[in-house]
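J.: Before I ask anything, here is the structure I am working with.
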Amino acid sequence: MRTAHARRVARRMHTFDQEDSVVDFNDASLYLPLAQTVFTICACAVVSVLSCWIAPSGAVSAVRTLALCCATGGLLMRTPVRLGKAHGITVVFSALQLAVPLYLGTLVVSQLVHTCSLDARPAPSWRHVVFHGAVLAMVWSGFMRARAPLEDTDRPFIITLLALLVIAMMPPPAVALVGPLCESVTLFEAADRIVRAFAFGMLYCVTVYASTRTRCTNYSYTPTVFFRSASASIWVGGAMIWWLPLAAAQCAIILHARAVHNNAPPAKEYKKVETSSSTDEDDIEADLGDLEPKLADPVAEQNRLLSERPIYAEDAPTAHSKLIDLGMTVAQEPPVPLTHEPVGQLAFQQVTLHNDHSSESGMDSFEASVARAMAADEESSH
């Protein structure tokens, strides 16, 4: 068992290409799986018709028809058709393989609609209006996806999911012994089924190729591509026959959108660096031409700027302002008035000493007071 498992792992590693993270859309061999998928879906539709035709009346089995369709799809989609070595074919084929189970699932659901009915003839009902209204909603979601196949939004998928929920709650009227897996159809109905299978396969495959990015991981991106492609193409299984040309229009829109996306310039382009030597002064002179508004007379503007006083300069003294602050000068003491003492006993004279030894004016006033005291003493003695 361990040896068989090791061989399977080695086989997978051998078929895995390390460069499959880059999808080369310019290689023509990359589109061979598209033809393989469409052919397989059409083959399943043919097998479902032939299985009901070949079986005798009353011996038709839906299980047998489904088994034959599954075997046909499994054999034809086992491995991708290769012609050379195209990078990214594994990534694309992993999403294309899921188209066959999706198509067979639509056949099974269509058959289940008619399983619990006893009416042998179809009857008019308002549920037909609800069904076709839900299909129109799915068509609208498909065109929403076609306008921007690489946009990271789930709005089209949600619209399709809600429409399918409405159909599941209010399906169209059922008819006994009718369904794609057990009904022996007419030639026109067989052609309708094959054309519908072809339209579904083409629309699904084109959406897969348009939704796949040039660079992506190998298998983690496959579920996203599958759900987007399925929600954009599943409406073909329930649409009326004259609605099928809308599938061609949807394919054209999605191919145009992807081509425009590939040819669009990058969102941000960097400025080219010149190889020639240049100085900062050259760059400044080159950028001066882009200044707005442009100067009419640069010399006059220069003189005006030189005449203006800079905002960082200190306030200069005006012509009328005084250079010397008179308040800072030393205040002189008022002269001491001479008073004549009365004749009689000499009264004490109050002498005030100043501690300012550095000032000569203070010393002169002290000597003058002593002289006046001695003169008054002599006068009183006479």
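J.: Evaluate the charge dipole of the stretch 28-263 about its Cα centre and quote only its size in Debye, nearest 20, assuming +1 on the Cβ of each Lys and Arg and -1 on the Cβ of each Asp and Glu.
T.: In total the dipole reaches around 560 debye.
J.: Tell me which of Ala239, Thr65, Ser211 sits at the most positive position along the dipole axis of the stretch 28-263, charges placed on C-beta atoms (Lys, Arg +1; Asp, Glu -1).
T.: My answer, from the dipole projection, is Ser211.
J.: Also, I was wondering about something else. Cα-based Rg (one decimal) and Dmax (whole number) for the stretch 28-263, in Å?
T.: 18.2, 59
Throughout, read-outs are computed from the coordinates displayed, never taken from laboratory work. Everything numeric here is computed off the predicted structure, so don't read it as measured data. In this analysis, Cβ positions are derived from the backbone assuming ideal geometry, glycine residues included, and neighbour counts consider all displayed protein chains.
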